[in-house]
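Here is the structure we will look at, set down as structure tokens.
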Amino acid sequence: MENLKIRSFAEYKKAYKKSVQDPEAFWSEIANTFTWQKKWDKTLEWDFRKPEVKWFQGGQINITENCLDRHLKKLGNKTAIIWEPNDPDEESRYITYRQLFVKVCRFANVLRNNGIKKGDKVCIYMPMIPELAIAMLACARIGAVHSIVFAGFSSSAIARRINDSECKMLITANEVYRGSKKVNLKEICDKALEETPSIEKVIVYRRTVEPTNMVEGRDSFWFDELQKASQDCEAEIMDAEDMLFILYTSGSTGKPKGMVHTVGGYTVGTTYTFANVFQLEKDDVYWCTADIGWITGHSYIIYGPLAAGATTVMFEGIPSYPDYGRFWEIVDKLNVTHFYTAPTAIRSLAKQPLKFVEQHDLSSLKVLGSVGEPINEEAWHWYNDNIGKGNCPIVDTWWQTETGGIMISPLAGITPTRPTFATLPLPGVQPALMDETGNEIKELNADGRLAIKFPWPSIARTIYGDHQRYKEVYFSAFENMYFTGDGAYRDATGNYRITGRVDDIVIVSGHNLGTATIENAIDEHEGVVESAVVGFPHDVKGNALYAYVILYNDVEPSDKLIKEIKDLVANTVGPIAKPDKIQFVNGLPKTRSGKIMRRILRKIASNDTGNLGDTSTLLNPEIVDEIMAEAKNI
Ligand code: WTA
């Protein structure tokens, strides 16, 4: 990793310049530091109009050889993963690189014994335990494509994702601890499995001793399978552009988008960005609090840190259990040096009495990170003052599931930071601010839509099974550019601040939620004609959801109905998608072409009704006053 690191601001500027002037030479040099099964012939071929991006063609590389094998000689006895359980009284687990290597190889053979081959899709629905890391790496070892579904999602969300990519296997755990609760994951899976004909085998890790319902011939236990597996497993030969994983993210239509990442570019991109943004030293302990079910966990708990030979912490629990000091207790106990979390967690912890922080020694900390949504000024300062004690640079990292790795961020201790700003693009990233008519805004001190002009290695290559949609969502807003869906402001010195989504995705507690998916769930209720869901500002979650719901004439609004609608959303999408507020309305503001004018609904939900803008193009302008008058009672 040392040979990848930029060490000064001058070096950053030099690297950036080179990456723009000669991207192929720039990335070739970086890629050369990795372990390839065969070197590539062509560094880059791309055309955003098609769209098509191919990095390191002709090259062959297995990410697990980069995360595991290549470290064995020098770092075999170094801790790769420190696992911290939900319950502080349970033992932490320390897994060295050598131990992890053996576990991954062995489980890779379990996959093979169960008929999984290169290219097969495997769904993983697991809690934050080391076996989740082992399962994903085992897939990568044999070239199976993992599709990890966050273990807070509902049965129908799992089934939709399994069916979209026709997964052959599901790996899960019987139960999961989450704070003071225990959730039966297997039961949730069994319900999903009623609708997933492609699944042939289910492997179940026993996290608890409770009896588990198992289906003969289909289900087997992790430990029983291990007994039958050898621990020798050669890494599969993988072309650089072979699929590594699919990860679903919300879209503006109801259907989740299966973003496809490929081996070569993703390996190079995540490792390079990890090394440079966080600037770890040899014995540092790095902790990213995300769940592996999201891209942050894929890229910056597992692949990036392991490829860089770091010690990465995996935490099973939640920040509030057994009390609000849990994060700080772990930092203290494990001597965490690098701590990476989301603004929503910072805001919720900042609300608690400071004694929860002060009880713990945080002097091991060197670098703090933020990801997932814009960090507001107050949260930034609280984090800086109380956690970093003014001594730790904060890296506010902007990126997306689609970008695979960090795109705009300070390099810790190198790039001057500015509260609420993700600052400057990493080498290889060429951002552009665009106006609504599709022209690039070249000025400083400007607001616009954020696009990227040139490919970077870890860009998602397609939406699984729907390349046309990939083109429409990301490459049709602006000619020959990737559109991020975010708005941004560029200051006088070229620093970027991300201002939030400009599409129908709302980020609630750092989770991306497509409003269309939630509307579809609400519309399933037999009393509902139609609904519209928008986000509104919330002081802890960043955004919360507000649902406007039209009922059939013979259905009376009631608290019971509100509960039914919320439960329906929790069951079809997941508890995180429950609307905070539901307003029953007689109609929705619609344009003459029948499109709901969400801009107006967003303003009403945010109680920002001073200037609603032009409503004259509405089919039914009178409905706006009616909705506004009743919104006051919600
Ligand atoms: C938002 C998470 C402001 C943004 C890695 C983006 C951010 C979406 C930041 C992607 C940040 C992420 N500042 N906004 N530092 N990081 N976002 O796919 O709107 O879960 O488009 O990836 O989160 O969310 P996703």
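Anything in segment 158-181 that is in contact with a Ser or Thr (Cβ under 7 Å, 6 or more places away or on another chain) and either farther than 26 Å from Ile237 by Cα or not polar (S, T, N, Q) (or both)? List them, or say none.
Within segment 158-181, Ala159, Arg161, Ile162, Asn163, Glu166, Cys167, Lys168, Asn174, Glu175, Gly179 meet the criteria.
Can you find even one residue in segment 343-354 that is touching an Asp or Glu at 6+ places or on another chain (Cβ under 8 Å) and within 23 Å of Gly269 (Cβ to Cβ)?
no
Out of the residues in segment 474-500 that are among the charged types (D, E, K, R) and surrounded by fewer than 19 Cβ atoms within 10 Å (Cβ to Cβ), which is farthest from the ligand (Cβ to nearest atom)?
For segment 474-500, the residue satisfying everything is Glu479.
Of all the residues that make up segment 335-355, how many are part of a helix (DSSP H, G or I), of a type outside the set (Gly, Ala, Ser) and crowded, with 19+ Cβ neighbours inside 10 Å?
Adding up the residues that qualify gives 5.
From the residues in segment 258-293 that are in a loop (DSSP other than H, G, I, E, B) and touching a His at 6+ places or on another chain (Cβ under 8 Å), which one is surrounded by the fewest Cβ atoms within 10 Å (Cβ to Cβ)?
Out of the qualifying residues, it is Asp284.
If you go through segment 162-169 one residue at a time, do you hit one that is among the aliphatic types (A, V, I, L, M) and touching a residue at least 60 places away in the same chain (Cβ under 8 Å)?
no
Can you tell me how many residues within segment 51-77 are in contact with a helix residue (DSSP H, G or I) (Cβ under 8 Å, 6 or more places away or on another chain) and assigned to a helix (DSSP H, G or I)?
Qualifying residue count, segment 51-77: 8.
Among the residues of segment 184-215, which ones are aliphatic (A, V, I, L, M), part of a loop (DSSP other than H, G, I, E, B) and buried (at least 16 other Cβ atoms within 10 Å of the Cβ)?
Across segment 184-215, the qualifying residue is only Ile199.
Quick one: how many residues across segment 120-144 are touching an Asp or Glu at 6+ places or on another chain (Cβ under 7 Å) and under 20 Å from Thr196 (Cα atoms)?
Here the count works out to 2.
Of the residues that sit in segment 501-511 and are more than 8 Å from the ligand (Cβ to nearest atom) and assigned to a strand (DSSP E or B), which one is surrounded by the most Cβ atoms within 10 Å (Cβ to Cβ)?
The qualifying residue surrounded by the most Cβ atoms within 10 Å (Cβ to Cβ) is Val506.
Output the residues belonging to segment 235-257 that are more than 13 Å from the ligand (Cβ to nearest atom) and part of a loop (DSSP other than H, G, I, E, B).
Scanning segment 235-257 gives Ala235, Glu236, Ile237, Met238, Ala240, Glu241, Asp242, Thr253, Gly254, Lys255.
Just give me the residues in segment 161-194 being farther than 18 Å from Ile124 by Cβ and of a type in the set (D, E, K, R), in sequence order.
Across segment 161-194, the qualifying residues are Lys181, Lys182, Glu194.
Scan (1) in contact with a Phe, Trp or Tyr (Cβ under 6 Å, 6 or more places away or on another chain); (2) not in a strand (DSSP E or B); (3) not acidic (Asp, Glu) for the single condition His146 breaks and write down its number.
For His146, the failing item is (2).
So Thr437 clears everything in (1) more than 16 Å from the ligand (Cβ to nearest atom); (2) surrounded by fewer than 20 Cβ atoms within 10 Å (Cβ to Cβ); (3) modelled with pLDDT of 95 or more; (4) β-branched (Val, Ile, Thr) except one condition, right? Which one?
Among (1) more than 16 Å from the ligand (Cβ to nearest atom); (2) surrounded by fewer than 20 Cβ atoms within 10 Å (Cβ to Cβ); (3) modelled with pLDDT of 95 or more; (4) β-branched (Val, Ile, Thr), Thr437 violates only (3).
Kindly indicate the residue of segment 603-617 that is of a type outside the set (Gly, Ala, Ser) and in a loop (DSSP other than H, G, I, E, B) and also nearest to His538 (Cα to Cα) among those meeting that condition.
Of everything passing the filter in segment 603-617, Asn607 is nearest to His538 (Cα to Cα).
Does Glu440 count as of a type outside the set (A, V, I, L, M) and more than 25 Å from the chain's Cα centre (by Cα)?
yes
Yes/no matrix, rows are residues, columns are (1) near the ligand (Cβ under 6 Å from one of its atoms); (2) of a type in the set (Lys, Arg); (3) modelled with pLDDT under 95:
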| residue | (1), (2), (3) |
| --- | --- |
| Asp361 | no, no, no |
| Ser364 | no, no, no |
| Gly369 | no, no, no |
| Asn376 | no, no, yes |
| His381 | no, no, no |
| Ile387 | no, no, no |
| Pro393 | no, no, no |
| Trp398 | yes, no, no |
| Thr401 | yes, no, no |
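Exactly one of these conditions fails for Ala25: (1) farther than 20 Å from Lys5 by Cβ; (2) assigned to a helix (DSSP H, G or I). Give me its number.
(1)
The values are calculated or read from the model by the stated rules, or taken from the named source; none is laboratory data. A quick note: this is a predicted structure, and the numbers were derived from the prediction, not measured. Virtual Cβ from ideal backbone geometry, glycine too; neighbours counted across all protein chains shown.
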